[in-house]
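The values are calculated or read from the model by the stated rules, or taken from the named source; none is laboratory data. Treat the numbers as computed from the prediction; the structure is a model and nothing was measured. Reconstructed Cβ throughout: ideal geometry from the backbone, glycine too, with neighbour counts over all protein chains shown.
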Amino acid sequence: MPLLARIAPTRARVALAAIGIWLVATAGLAVASVRVYPPLPAERDNTERPVQDLRQGYVSSITCRGCHPQQYATWHASYHRTMTQVATPETVAGDFDDVDLTFHGLRYHLEKRGDELWVGMDDPAWSGPPELVPWIERKVVLSTGSHHDQDYWYATPGPGRELRLLPLNFRVQEKKWVPFSAAFLLPPHAEFDYSPSKWTQTCIKCHSTYGEQIVDELSEQVDARVAEFGIACEACHGPAGEHVAANRDPRHRYPLHLGDGDDATITNPAKLEAARASEVCGQCHGQWSEREAGTDLVDSPERYRPGDVLEKQRIYQQFAAADPSRAQLDPQKHELMQYLLENEQDYLLRSFWSDGQVRISGREYTGMIESPCYRGGEFTCLSCHSLHPAENDPRPLKEWANDQLAPRMDGNQACVQCHESFAGAAALTAHTHHAPDSPGSSCYNCHMPWTVYGIMKAHRSHQIDSPTVAATVATGRPNACNTCHLDKTLAWTADHLASDFGVARPELGADESDVAASVLWTLRGDAGQRILAAAYMGWEPAIAASRSDWMIPYLSQLLSDPYDAVRFVAGRSLRLHPGYRDVAYDYVGDDAQIEAAQADVARRWTAAERRPHGAAVLQRADGGLDAERYSHLLSQRDQRRVQLDE
Amino acid sequence: MDTNAAAVIRRHVRFGWIALLVFLSLGVFLEAMHGFKVGWYLNAGEETRRLLLTLAHAHGVLLALVNLAFAATLAIAPELDARAVRIASPCLAASGILLPAGFFLGGLVTYGGDPGLGVFLIPPAALLLFAGVAAVAFAALRARRG
């Protein structure tokens, strides 16, 4: 008799066998569960658009979620996540419920077909006679953005995964479709680049995680794949495959939990040295050129990954690098900047003011590295920003997501964490010459003024510096004082900066001496200055400091500005003024609609009681507008074509 | 029924009902945290804590019922092998404490997606539970055959 039969009767053997099977099955499932990555949606078979493909050690945010739920939840609430999304009825902000639109003579029909989104339109790529433009129908497959506005990409017929940009933009807050060109600061009738390779060459770099462009040399067919759409965990932490593998073992995890938590298998920007930490943000929030063309989109060991030295692969454009004294520091960068400054001024002015300060949004790193704070060696993006707010952060995630600031970093605490001597009210007032709790005592307002433009609004400069009128005269960039004191002249500002801070007073012309700076920017300025002036006229502290009723004629004048974006910002600012909130105005409306809105504004302004403001804002003694000088300044308007490449 | 068996039954009846009271109370406490939207328990990043405390509640209640079932089994089937009962009784009682305690302590302090160190009580507790249940199961089989 076999041993088992001798020591265990039949029923017991059955029970033992059942238990054995249960144990083996449980152990097998346990092993299987730790060896399989959660699959991404079936992507490889998708031929309409770039696909998500986990390669090169990338594992996707879904894998991170299991062990880092708090970090996942905060990232999930961010606009980084939704920067690129597969277009579905759930992800698109725009209205696709059988909407018919006509812009610039082209017709569009937007509709849902089941879970798919489709556009029928007069072919925007048609270059033949307008009366013969064909009607095409295309599936909308990807979206870009979700915070302020959203753009859409449609699939192109034929092989490859090339996308074309839908020439429409959906304004999220206004819930309004506008022509794509009306969402950017572009000259009227500017030719925008709708070429099919826009996404796979440009957008893929920063609106997705580890994008790769693959060009078939024989067919020249372009393919593209990403680790993940949107800016996901591994965009900042690097590929996490090794980290996931190492941390399957609790013997690796628990010592980290109980120790300092430093895990060499993953990059944690918060634990990198200052420069490396900021470079993680700078990989996208900067203005750069590749050291070797094409390296941004090709998988290679040289390609930047979080924690690497960013400028090994790229050159960040800094005007100062053209200086001969910098030639030895980085000869390639020196040569590039010399070339650009000598030959590509138009290109540079699409991103920079003429002295090299950044003037478009999304390039904060380039501004920051020119700041004295950064050169101190400890200052990083994370000094003020937090990508994962703590559990006990009282702010709703939606509020944090607007600018991803760390707690209390929306005020002077951001600066006094280092500049402690200005923490007290007395010291602050002595420095600012403003009341301690006033906007004039805000470090941000003076040292990070609103001189950057993007996504239809003004942004704070991330090049921390101090205001000078000389820079305004030389570059046209508004100085911090006159972004708030809109009714004051540059001469007034120069006098105060000289007396209060010892800043040298530059030579000023007659207009700069007796006409308010904002009036000059509005009437005489180029489109870049006009749009910032329009934004300031809707900024609460500026309205309070400058009193507002005199601004109305200037905002009204900008309602018919030739630049779409200027009209949009002027209309938004106008509606922030009491008595003008309900003005019917559509910035992409036809001329008759815009003239009617201006006439309405003029009626309201004429009927309203007006306070005296003086000649600096071209006000006559009787309260009316000095029409002659107004027209004279308007006739001097800088008409150069301004295009900002945000 | 001999005196020893009666003592074991009384012990498991006491243990089972007290444990049931404790872990049902924990359930009420967890429901209250839902009701008052306590961030410590409900925030998106607290999935692990939520899971562990829920498991503590569920296992506590279940093992309380198992201990009561064990007491009832002894009362219904006094012929169960005394040696098996001597093994099962402490195993079921200990697992009735250690298993929910492991989940509870593991949920009090968490490390992101990882439970706190209390979770290391769970494997020995599970083995004790397994041993206790197996002892009763085999004793029941033998008793029936006998």
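Hey, any hits in the range B:95-110 for a residue that's buried (at least 16 other Cβ atoms within 10 Å of the Cβ), in a strand (DSSP E or B) and in contact (Cβ under 8 Å) with a residue 40 or more places away in the chain?
Yes; the residues of the range B:95-110 include at least one that is buried (at least 16 other Cβ atoms within 10 Å of the Cβ), in a strand (DSSP E or B) and in contact (Cβ under 8 Å) with a residue 40 or more places away in the chain.
Out of B:88, B:94, B:72, I need the residue that is closer than 30 Å to residue B:112 by Cα and modelled with pLDDT of 95 or more. Which one?
The match here is B:94.
Residue A:181: under 30 Å from residue A:458 (Cα atoms), of a type in the set (Gly, Ala, Ser) and surrounded by fewer than 16 Cβ atoms within 10 Å (Cβ to Cβ), yes or no?
no
When the range A:334-385 is examined, which residues are found to be among the polar types (S, T, N, Q), over 17 Å from residue A:283 (Cα atoms) and touching a helix residue (DSSP H, G or I) at 6+ places or on another chain (Cβ under 8 Å)?
Result: A:338, A:354, A:357, A:383.
Answer yes if at least one residue in the range A:239-248 is more than 16 Å from residue A:59 (Cα to Cα), part of a helix (DSSP H, G or I) and either of a type outside the set (Phe, Trp, Tyr) or not assigned by TED's automatic domain parsing to the domain that holds residue A:213 (or both), and no otherwise.
For the range A:239-248, residues more than 16 Å from residue A:59 (Cα to Cα), part of a helix (DSSP H, G or I) and either of a type outside the set (Phe, Trp, Tyr) or not assigned by TED's automatic domain parsing to the domain that holds residue A:213 (or both): absent.
Yes or no, residue by residue, for (1) within 14 Å of chain B (Cβ to nearest Cβ); (2) out of contact with any Lys or Arg (no Cβ under 6 Å at 6 or more places or on another chain):
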| residue | (1), (2) |
| --- | --- |
| A:232 | no, yes |
| A:235 | no, yes |
| A:238 | no, no |
| A:250 | yes, yes |
| A:267 | no, yes |
| A:271 | no, yes |
| A:274 | no, yes |
| A:278 | no, yes |
| A:282 | no, yes |
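Give A:231, A:214 a once-over and let me know the one that is part of a strand (DSSP E or B) and either of a type in the set (Val, Ile, Thr) or touching a residue at least 40 places away in the same chain (Cβ under 8 Å) (or both).
Result of the check over A:231, A:214: A:214.
Can you name the residue in the range A:167-182 that is in contact with a helix residue (DSSP H, G or I) (Cβ under 7 Å, 6 or more places away or on another chain) and part of a strand (DSSP E or B) and is also nearest to residue A:208 (Cα to Cα) among such residues?
Of everything passing the filter in the range A:167-182, A:169 is nearest to residue A:208 (Cα to Cα).
Being of a type in the set (D, E, K, R) and in a helix (DSSP H, G or I) is the filter here; which residues of the range B:111-146 pass it?
B:142, B:144, B:145
Could you say whether any residue in the range A:285-297 is more than 23 Å from the chain's Cα centre (by Cα), over 24 Å from residue A:360 (Cβ atoms) and of a type in the set (A, V, I, L, M, F, W, C)?
The answer is no; no qualifying residue exists.
Mind telling me which of the residues B:86, B:49 ends up being part of a helix (DSSP H, G or I), of a type in the set (D, E, K, R) and without any contact (Cβ under 8 Å) to a residue 40 or more places away in the chain?
Going through B:86, B:49 in turn, the sole match is B:86.
Output the number of the condition that residue A:279 fails; it satisfies all remaining conditions of (1) of a type in the set (D, E, K, R); (2) part of a loop (DSSP other than H, G, I, E, B); (3) closer than 23 Å to residue A:243 by Cβ.
(2)
State whether one or more residues within the range A:528-546 are in a loop (DSSP other than H, G, I, E, B) and on the phi > 0 side of the Ramachandran plot.
There is no residue in the range A:528-546 that is in a loop (DSSP other than H, G, I, E, B) and on the phi > 0 side of the Ramachandran plot.
Looking at residue A:261 and the list (1) in a loop (DSSP other than H, G, I, E, B); (2) more than 14 Å from chain B (Cβ to nearest Cβ), which single condition is not satisfied?
Going through the list (1) in a loop (DSSP other than H, G, I, E, B); (2) more than 14 Å from chain B (Cβ to nearest Cβ), residue A:261 breaks only (2).
Can residue A:217 be described as buried (at least 16 other Cβ atoms within 10 Å of the Cβ), out of contact with any helix residue (DSSP H, G or I) (no Cβ under 6 Å at 6 or more places or on another chain) and of a type in the set (D, E, K, R)?
So residue A:217 does not fit the description; no.
Filter the range A:128-143 for residues that are outside any loop (DSSP other than H, G, I, E, B) and touching a Phe, Trp or Tyr at 6+ places or on another chain (Cβ under 7 Å); which is surrounded by the fewest Cβ atoms within 10 Å (Cβ to Cβ)?
Step by step, filter the range A:128-143, then rank; the result is A:137.
Mind checking which residues of the range B:52-83 are out of contact with any strand residue (DSSP E or B) (no Cβ under 8 Å at 6 or more places or on another chain), buried (at least 17 other Cβ atoms within 10 Å of the Cβ) and touching a residue at least 60 places away in the same chain (Cβ under 8 Å)?
Of everything in the range B:52-83, those that are out of contact with any strand residue (DSSP E or B) (no Cβ under 8 Å at 6 or more places or on another chain), buried (at least 17 other Cβ atoms within 10 Å of the Cβ) and touching a residue at least 60 places away in the same chain (Cβ under 8 Å) turn out to be B:63, B:66, B:70, B:71, B:73, B:74, B:80, B:81.
Those residues that are in contact with a helix residue (DSSP H, G or I) (Cβ under 7 Å, 6 or more places away or on another chain) and free of Cβ contacts under 8 Å to residues at least 12 places away in the same chain, I need them from the range A:417-443; list them, please.
A:421, A:423, A:427, A:431, A:434, A:435, A:436
What number of residues within the range A:144-157 are within 18 Å of residue A:177 (Cβ to Cβ) and either in a strand (DSSP E or B) or among the aromatic types (Phe, Trp, Tyr) (or both)?
Number of matching residues: 7.
Return the residues of the range A:337-365 that are among the hydroxyl-bearing types (Ser, Thr, Tyr), outside any loop (DSSP other than H, G, I, E, B) and in contact with a strand residue (DSSP E or B) (Cβ under 9 Å, 6 or more places away or on another chain); say none if nothing qualifies.
A:365
Please work out which residue is farthest from residue A:126 (Cα to Cα), limiting yourself to the range A:167-177 and to residues that are in contact (Cβ under 8 Å) with a residue 24 or more places away in the chain and crowded, with 23+ Cβ neighbours inside 10 Å.
The qualifying residue farthest from residue A:126 (Cα to Cα) is A:170.
May I ask you to say which residue of A:506, A:467 is surrounded by 20 or more Cβ atoms within 10 Å (Cβ to Cβ), in contact with a Leu (Cβ under 9 Å, 6 or more places away or on another chain) and part of a loop (DSSP other than H, G, I, E, B)?
Numbers: A:506 fails: surrounded by 20 or more Cβ atoms within 10 Å (Cβ to Cβ).
Exactly one residue qualifies, and that residue is A:467.
Filter the range B:111-140 for residues that are farther than 30 Å from residue B:40 by Cβ and surrounded by fewer than 16 Cβ atoms within 10 Å (Cβ to Cβ); which is nearest to the other protein chains (Cβ to nearest Cβ)? I'd like the intermediate steps shown before the answer.
Applying the first criterion (farther than 30 Å from residue B:40 by Cβ) to the range B:111-140 yields B:127-128, B:130-140.
In the following step, the residues that additionally are surrounded by fewer than 16 Cβ atoms within 10 Å (Cβ to Cβ) were identified as B:127, B:130, B:137.
Values: B:127: 12, B:130: 9, B:137: 7 Å.
So the residue we want is B:137.
Has the range B:23-34 got at least one residue that is within 14 Å of chain A (Cβ to nearest Cβ), in contact with a Ser or Thr (Cβ under 9 Å, 6 or more places away or on another chain) and either without any contact (Cβ under 8 Å) to a residue 40 or more places away in the chain or outside any helix (DSSP H, G or I) (or both)? Before you say what the answer is, go through the steps one by one.
Start the filter on the range B:23-34 by keeping residues that are within 14 Å of chain A (Cβ to nearest Cβ), which leaves none.
There is no residue in the range B:23-34 that is within 14 Å of chain A (Cβ to nearest Cβ), in contact with a Ser or Thr (Cβ under 9 Å, 6 or more places away or on another chain) and either without any contact (Cβ under 8 Å) to a residue 40 or more places away in the chain or outside any helix (DSSP H, G or I) (or both).
Determine which member of the set A:119, A:36 is at pLDDT below 90 and either surrounded by fewer than 20 Cβ atoms within 10 Å (Cβ to Cβ) or away from every other protein chain (no Cβ under 14 Å) (or both).
The unique qualifying residue is A:36.
Out of the strands (runs of 3 or more DSSP E) lying entirely within the range A:68-115, which hold 3 or more residues that are within 14 Å of another protein chain (Cβ to nearest Cβ) and either under 30 Å from residue A:405 (Cα atoms) or among the acidic types (Asp, Glu) (or both)? Don't jump to the end; show me each part of the working.
Working: elements: A:84-86, A:99-103, A:106-113.
Hits in the range A:68-115: none.
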